[in-house]
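What follows draws every value from the coordinates through simple rules; no lab data is involved. Remember, it's a predicted structure, so these values are computed and weren't measured experimentally. Glycine gets a Cβ as well: all are built from the backbone with ideal geometry, and neighbour counts include every protein chain shown.
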Amino acid sequence: MNEIKNASETFLQDVINGLTQNPKSLSSKYFYDAAGDKLFQKIMGLSEYYLTRKEFEIFENQHAAIFGKILRYSQDFNLVELGAGDGMKTKILLRYLRSKPEINFTYFPVDISGSVLQELKDNLESELPEIDVHPIQNTYRNAMKERVWENGKPSLILFLGSNIGNFSLNESKDVLLHVAQGTQTHDWLLLGVDLKKDPSIILQAYNDKQGVTRDFNLNLLKRINRELDANFDLEQFTHWPMYDPLTGECRSYLISQKEQLVTIGAANKLIRFEAFEPIFTEISRKFSESEISQLASECGFKVVDFFTDSENYFTDVLWQRI
Ligand code: AVJ
């Protein structure tokens, strides 16, 4: 009960802070309530959203090569996944590990969303019941600080699906420094990164024809209405994604279509919007291979190998802690 209260107080605090700043912003980590989880699952199936498909291809074709690097050193380890979500792609890796009797591991999926973690746990209990699963509902940084898995064994940290792209450059360094601080020398990080590519391909992935990504973005306002007793009129906000090839940032905004006042009942606050004022809601950063290598060295890792799909759209890069 206490935890639930704290979580919703933090949510309220973050929303009020974000909406009283100029420019206004809301954190994309709040996209993922039960409805947001469902919408993101729908996004992963869209033809425009290549990211999931490409990472799937990498795992299908290269899982043995990836684990060939890691398992040479230890057959007994902690498998920690930051932002596990529904774990669909990870299941390819889990099935492979389970098929090797000499390998001994416990799986620690970390996610901010309790509903998606429960779904993952239920799914693994029925499909891969031999795997020892310990879900952790937490943010990446807090999970890396608390390290409930710590037992002296080596760790492989999975940070897949371009989840690292959701941070500003400074924040992503900070998250990766938390990973470095929470691991030992020679531990592993498998990092899923979306690569810089033709801007039109990237933009379409965040502006699909069916409008699922629009609904996903707008769902944040719906969640604020429901959980924080607010009255956003969803008809009066539009989805606006844009990609900057220089920074590699795909940014999403919600644009207020008119001058309007919105009440956040839980804080007894009125928020004023000017006509066409944006709320910045999400960043999905794309990297080049050289930027990934630089990030690794800045954060205390060395690059062991890049595992990339046939079109060079996406890469799962294996880092080792130095
Ligand atoms: C789950 C953070 C990887 O940034 O591509 C999908 C979320 N946002 N469509 C991404 C998302 C809009 C996604 N990540």
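What number of residues in the stretch 298-322 are outside any strand (DSSP E or B), charged (D, E, K, R) and within 13 Å of residue 187 (Cβ to Cβ)?
The qualifying residues number 0.
Kindly state which helices (runs of 4 or more DSSP H) lie completely within the stretch 1-102 and contain at least 3 residues that are of a type in the set (S, T, N, Q) and buried (at least 16 other Cβ atoms within 10 Å of the Cβ).
none
Select from the stretch 21-63 the residues that are among the charged types (D, E, K, R) and within 21 Å of residue 278 (Cα to Cα) and list them in ascending order.
24, 29
Can you tell me which condition residue 168 does not meet? The list is (1) among the hydroxyl-bearing types (Ser, Thr, Tyr); (2) touching a residue at least 60 places away in the same chain (Cβ under 8 Å); (3) surrounded by 15 or more Cβ atoms within 10 Å (Cβ to Cβ), and all the others hold.
(3)
For the stretch 268-305, how many residues meet the condition of being touching a residue at least 40 places away in the same chain (Cβ under 8 Å), under 20 Å from residue 23 (Cβ atoms) and among the small types (Gly, Ala, Ser)?
Count: 1.
Do we have residue 112 as within 18 Å of residue 78 (Cβ to Cβ) and surrounded by fewer than 22 Cβ atoms within 10 Å (Cβ to Cβ) here?
So residue 112 does not fit the description; no.
Can you tell me which residue in the stretch 109-164 is nearest to the ligand (Cβ to nearest atom), limited to those that are more than 20 Å from residue 179 (Cα to Cα) and β-branched (Val, Ile, Thr)?
Among those that are more than 20 Å from residue 179 (Cα to Cα) and β-branched (Val, Ile, Thr), it is 116.
Filter the stretch 179-192 down to the residues that are touching a Leu at 6+ places or on another chain (Cβ under 8 Å) and away from the ligand (no atom under 13 Å from the Cβ) and list them by number.
The answer is 179, 183, 187, 188, 189, 190.
On the basis of being surrounded by 16 or more Cβ atoms within 10 Å (Cβ to Cβ) and closer than 30 Å to residue 249 by Cα, does residue 163 make the cut?
The answer is yes for residue 163.
Can you go through 195, 234, 176 and tell me which one is more than 15 Å from the ligand (Cβ to nearest atom) and farther than 23 Å from residue 278 by Cβ?
176
Of the residues 295, 254, only one is surrounded by 21 or more Cβ atoms within 10 Å (Cβ to Cβ) and in a helix (DSSP H, G or I); which?
Result of the check over 295, 254: 295.
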